[in-house]
Amino acid sequence: MTILTSSQPPASRAERLWWRDAVTYQIYIRSFADANGDGKGDVEGIRSRLPYLKKLGIDAIWITPWYPSPQIDHGYDVADYLNIEPDYGTLAQAEHLINESHENGIRVLVDIVPNHSSDLHTWFQDALKAAPESPERDRYIFRDGKGPNGDLPPNNWQAVFGGPAWERVVEADGKRGQWYLHLFAVEQPDFNWENQEVREHFADILRFWLDRGVDGFRIDVAHGMVKAAGLPDVIAPDPKAEMLAPENRPFWDQDGVHEIYREWRKILNSYPGDRMAVAEAWVSPASRIARYLRPDELANSFNFDFLSCPWEPAPFKKMIERSLEALAEIGAPSSWVLNNHDVVRSVDRFDLGLIAGRANTTLERHGDPKEFNLERGTKRARAGALLMLALPGGAYIYQGEELALPEARDIPEERLTDPRWALSEHTDRGRDGCRVPLPWKADSAGAFGFSEKDGLKPEEAWLPQSADWGIFSVENQEDDPDSTLNMYRSALKIRRAEEGLGDGPMTWIETDESVLAFARAGNFACYVNFGAPMDLPANHQVLISSGPLDGKVLPTDTAVWIRTSSE
Ligand code: GLC
């Protein structure tokens, strides 16, 4: 069966829009590199690592929110969309980074957070001081409560991080008054996207950053901005607000969001250089994702169905087919992703499995951690990477993935910072385990080279690093030809050189059901073996493999890219 990713993708990569093929590297700024020695990453830290990123061979970086923020949700609570968090640097440094990235052939995406602001945003502070029904309150979602004296929340919505999605405020007269909506933490009030001023403010924010040269945006909670009219109750046995809810939710994936993206696309198109946006839309099935990628809307949308697959061939095959078929109808590319700052790292996930139906944000939702086998998990994560990078379309890599970093398991409870921890009443440790600062050096000085301050100890980084973090360091992997870092570098190099990779058609190759195998143009084939060792086809040349091959035999949990013979 042949599947096309687009109705008519231009055959040559040079002719295609860059974001149809791009490999984008996600930088979680707080944990990437610390230039000023305060134990938190920063803008200058990123700039100092541009040579590393260039050598890795990625096309673009996406920088997580770097705006002034009280950091309740580490920047996803924005207090001012038009400036840089002082702990991270200055606007001038950000501009410098954008320019220097471009000089190195790396495009830059910034994170835009339009569903909610921080409660310290001036607009929200004004809303708190203003009266009910005032224009200030109309920028957010304030409602009277239900029941006697309005003591009950306006509806039964629950926050993603736990607890009710409504918070009651104290009015100017000192009495308990209206409630405001926060789909995430209490400190993250949701904007009212029916309000024209909100729409205009975000159009200005986009232009502000486009004027500074960014190539695009990653849109946070892109499926959440518009709520169903009348804010109806969630009708479901469990009204909890999972990001990837099993049933429809009146706050996710409403038709109205698409009108916003049509406006944003016009703004992006008014700038030269194929500016783009990628949606963080936790929607399923693929036909719903495709709606965000219609020709007059967004460029990319993370393929979270792919990210949510367990390490088994059948679910991967089904998801890949469904995604490509849905996107082919509208001519959009898929954006494959295996890791980000919200999910348990693939090294652990692929080993432990996933408790059915749950989003994989935290280790507790996976199998028994005592069963974790680092060697097997690493093997699978490496094979998964070669699978991802051979599929049609673009891909997103999360910092540390190229080092096969596992989830950090030993962060003491008193050091956990994810709001999920407190809001779940200490039942969900949250996402800190995939956010621990990167180890650059084998030696523990400067928190394994994360910080320019040599005296900084691993436990003094904003999230503590474990004593053995240096094993995974860039330094340790730099000269080892078999390291995961060098596997990513080689795979990205091959991907760049192979015209058949990136966007374009793929064909499944008939083989054992415990193997995923597919061909791309140029006699290229990718085999991923989930089962017993198997024989590779005769007359092939190995381009790269995720682990050692046994002659012509592809071992279990291993992937290989080969050039097949042309007959
Ligand atoms: C997105 C971000 C996540 C954040 C949430 C609320 O899902 O990726 O980190 O907590 O939005 O902004």
* **Enumeration of residues in segment 136-150 that are more than 16 Å from the ligand (Cβ to nearest atom) and touching a residue at least 12 places away in the same chain (Cβ under 8 Å)** => E136, R137, D138, R139, F142, R143, D144, G145, N149, G150
* Looking at this structure, is D557 touching a Lys or Arg at 6+ places or on another chain (Cβ under 7 Å) and within 23 Å of A22 (Cβ to Cβ)? -> no
* So is F302 closer than 20 Å to W336 by Cβ, at pLDDT 95 or above, not basic (K, R) and not in a loop (DSSP other than H, G, I, E, B) or not? -> yes
* Please give the number of the condition L50 fails out of (1) away from the ligand (no atom under 16 Å from the Cβ); (2) closer than 19 Å to H341 by Cβ; (3) open to solvent by less than 10 Å² (accessible area, probe 1.4 Å). => (2)
* To do: Would you mind stating whether A228 is over 30 Å from Q93 (Cα atoms), hydrophobic (A, V, I, L, M, F, W, C), open to solvent by less than 40 Å² (accessible area, probe 1.4 Å) and in the same structural domain as S101 (by TED's automatic domain parsing)?
  => yes
* To do: Taking the residues in segment 402-437 that are away from the ligand (no atom under 16 Å from the Cβ) and in contact with a Ser or Thr (Cβ under 7 Å, 6 or more places away or on another chain) as candidates, determine which candidate is most open to solvent (accessible area, probe 1.4 Å).
  => D410
* Select from segment 509-528 the residues that are in contact with a helix residue (DSSP H, G or I) (Cβ under 8 Å, 6 or more places away or on another chain) and closer than 20 Å to E312 by Cα and write down the one among them that is most open to solvent (accessible area, probe 1.4 Å). => E513
* Structure fact -> For segment 517-529, pairs from a residue that is farther than 16 Å from G547 by Cα and at pLDDT 95 or above to a residue that is assigned to a strand (DSSP E or B) and among the charged types (D, E, K, R), with Cβ under 7 Å and 6 or more apart or across chains, are N523/R563; F524/R563
* Would you check which residues across segment 264-295 are assigned to a loop (DSSP other than H, G, I, E, B) and either within 18 Å of F202 (Cβ to Cβ) or within 16 Å of the ligand (Cβ to nearest atom) (or both) and list them? => S270, Y271, R275, E280, A281, W282, V283, S284
* To do: With the checklist (1) within 16 Å of the ligand (Cβ to nearest atom); (2) open to solvent by 50 Å² or more (accessible area, probe 1.4 Å); (3) in contact with a strand residue (DSSP E or B) (Cβ under 6 Å, 6 or more places away or on another chain); (4) of a type outside the set (A, V, I, L, M) in hand, flag the one item P189 doesn't pass.
  => (2)
* Structure fact -> Taking segment 226-255 and keeping residues acidic (D, E) and within 16 Å of the ligand (Cβ to nearest atom) leaves E242, D253
* To do: Return yes when V110 is within 16 Å of the ligand (Cβ to nearest atom), modelled with pLDDT under 95 and under 28 Å from E263 (Cα atoms) and no when it is not.
  => no
* Those residues of segment 547-567 which are of a type in the set (D, E), in a loop (DSSP other than H, G, I, E, B) and modelled with pLDDT under 95, in sequence order -> E567
* Asked: So, of the residues in segment 65-76 that are within 11 Å of the ligand (Cβ to nearest atom) and touching a helix residue (DSSP H, G or I) at 6+ places or on another chain (Cβ under 9 Å), which turns out to be nearest to G430 (Cα to Cα)?
  -> D73
* To do: Within segment 457-472, identify whether any single residue is in contact (Cβ under 8 Å) with a residue 40 or more places away in the chain and among the acidic types (D, E), and answer yes or no.
  => yes
* Can we say A92 is open to solvent by 20 Å² or more (accessible area, probe 1.4 Å), touching a His at 6+ places or on another chain (Cβ under 9 Å) and modelled with pLDDT of 95 or more? -> no
* Considering every residue within segment 491-506, establish whether at least one is open to solvent by 10 Å² or more (accessible area, probe 1.4 Å) and under 23 Å from G377 (Cα atoms). => no
* Structure fact -> Of the residues in segment 201-225, those that are part of a loop (DSSP other than H, G, I, E, B), more than 16 Å from the ligand (Cβ to nearest atom) and open to solvent by less than 30 Å² (accessible area, probe 1.4 Å) number 3
* To do: Collect the residues in segment 495-518 that are assigned to a loop (DSSP other than H, G, I, E, B) and not aliphatic (A, V, I, L, M), keeping them in residue-number order.
  => E498, E499, G500, G502, D503, G504, P505, E510, T511, D512, E513, S514
* Could you list all residues from segment 535-546 that are open to solvent by 30 Å² or more (accessible area, probe 1.4 Å) and part of a strand (DSSP E or B)? => D535, Q541, V542, L543, S545
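The values are calculated or read from the model by the stated rules, or taken from the named source; none is laboratory data. This is a predicted model, so every value here is computed, not measured. When we count neighbours, we look across all protein chains shown, and the Cβ atoms used for this are built from the backbone with ideal geometry, even at glycine. Keep in mind that these areas ignore ligands, DNA and RNA; they rest on the heavy atoms of the full protein, side chains included. Shrake-Rupley method; radii C 1.70, N 1.55, O 1.52, S 1.80 Å.
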